Amino acid sequence: MAAAQKNWKVFLEDRAGVAGGIVLILVVLVAAFAPLIADRSMLDVTQNLDQPRYAPPSAEHPLGTDNYGRELWARLVWGARVSLIVGLAATAMSMIIGTIMGMAAGHFSGLFGGLIMRIIDFFLVLPSLLLAIVLSSVLERGVLTIVIAIGITSWAGTARIVRAQTLSAESRLYIERAKVLGAGHWHIIRTHLLPAVMPLVLANTTLTVGSAIIAESTLAFLGLGDTTQQSWGTILKNAMDVSAATSGYWWYILTPGLAIVAVVLAFTLVGRAIEAIANPTLRSR
């Protein structure tokens with residue numbers, strides 16, 4: 001508890017991290033209470049036939065309307081759910097795979113450790129976006145498919161970081177003592193290595209969420225997302241389909257674009273603050 005209070009105090013001293021945390025809390029609350037903020041009927045095309053299409057932002061239409069007369073602010077509210085779910089779920093999948101593979105590559109030596117390292121290197125040099133596009137095209141379209149595609153293609157960077165931290169921890173005397181006393185691999189990994197790498201993994205998690213949200217928006221923009229679900233990337237895809245950029249409907253593109261930028265920047269600021277807590281040498285930089 002004393003360590004948690006100390007870390008919390010350090011986090012509060014980082015104004016950028018606090019600002020990012022406030023933005024994330026607001027976005028999470030909006031996504032959680034989306035049905036109360038915007039009724040789902042506002043997304044139904046048949047329920048908005050009397051609404052003006054491509055209406056610019058005004059007092060009546062705060063963020064403007066799309067090509068079907070739907071309020072963009074309502075689509076943003078519901079789109080926050082999918083974007084956050086995909087970002088968090090894909091990041092969790094990436095962190096789990098990356099942590100396991102990274103610790104295994106750093107702890108085990110010989111043929112097994114070398115084989116794991118070659119697998120990590122393969123996924124590092126493989127274009128992640130291309131592989132995600134292929135997976136999204138082959139598998140059935142849906143939120144789960146996007147989560148799997150992003151999670152499978154984004155874990156290698158985490159594995160390299162975890163491997164480096166594992167190698168650093170392996171050189172410490174208490175692990176050498178545990179080996180001499182006869183501790184097995186599972187005991188060393190669970191008791192000594194995992195606590196040593198977890199602060200770095202948690203710091204890297206908040207940074208990876210932003211990348212996952214961008215990847216989801218990219219896949220949805222390319223038409224590989226679930227068209228039955230609202231997401232910020234889907235809004236951008238719809239704007240591209242009606243040539244909003246060349247037709248003067250700037251709000252159709254700017255609104256979801258700013259939402260993506262704001263959330264990704266918020267996750268990055270929080271991640272930097274947590275990284276400074278995990279690595280005190282960064283606080284003076």
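With a 1.4 Å probe rolled over the protein heavy atoms of all chains, the accessible area of Asp66, Asp121 falls in the order Asp121, Asp66, largest first. Heavy-atom accessible area with a 1.4 Å probe sorts Met240, Met103, largest first, into Met240, Met103. If you take the Cα centroid of region 1-46 and the Cα centroid of region 177-203, the two points sit 33 Å apart. Rolling a 1.4 angstrom probe over the chain with all protein chains present gives an accessible area of which 68% lies on carbon and sulfur atoms. With all protein chains kept in place, the per residue accessible area of the chain amounts to 52 square angstrom at a probe of 1.4 angstrom.
Surface calculation, 1.4 Å probe, protein heavy atoms: Ser171 sits at approximately 80 Å² accessible. For region 1-103, applying the loop criterion from DSSP together with a ceiling of 14 other beta carbons within 10 Å to the GluC sites (Glu not before Pro) yields Glu60. Taking Lys and Arg as +1 and Asp and Glu as -1, the other residues whose beta-carbon sits under 14 Å from that of Ile100 total +3. Note on Cα Rg over 2.2 N^0.38 Å: of the candidates (1) 1.18; (2) 1.05; (3) 0.95, the value calculated from this structure sits at (1). A simple count of charges around Ile85, restricted to other residues whose Cβ falls under 12 Å of its Cβ and scoring Lys, Arg +1 and Asp, Glu -1, yields -1. Helices that extend 24 Å or more along their long axis by alpha-carbon positions and average at least 0.5 on the Kyte-Doolittle scale are, among the DSSP H runs of the chain, 15-32, 72-107, 194-221, 250-278. Enumerate by residue number the trypsin sites (Lys or Arg not before Pro) in region 117-222 meeting two conditions: DSSP loop (anything except H, G, I, E, B), and at most 14 other Cβ atoms within 10 Å of the site's Cβ. For trypsin sites (Lys or Arg not before Pro) across region 117-222 that sit outside H, G, I, E and B with at most 14 neighbouring Cβ atoms in 10 Å, the list reads Arg172.
Counted by Cβ distance under 14 Å from Leu236, the other residues give a net charge of -1, where Lys and Arg count +1 and Asp and Glu count -1. When you filter the trypsin sites (Lys or Arg not before Pro) in region 1-82 for DSSP loop state and at most 15 other Cβ atoms inside 10 Å of their Cβ, you are left with Arg53.
The values are calculated or read from the model by the stated rules, or taken from the named source; none is laboratory data. Just so it is clear, the structure is predicted and the values come from calculations on it, not from any experiment. Reconstructed Cβ throughout: ideal geometry from the backbone, glycine too, with neighbour counts over all protein chains shown. Keep in mind that these areas ignore ligands, DNA and RNA; they rest on the heavy atoms of the full protein, side chains included. Shrake-Rupley method; radii C 1.70, N 1.55, O 1.52, S 1.80 Å.
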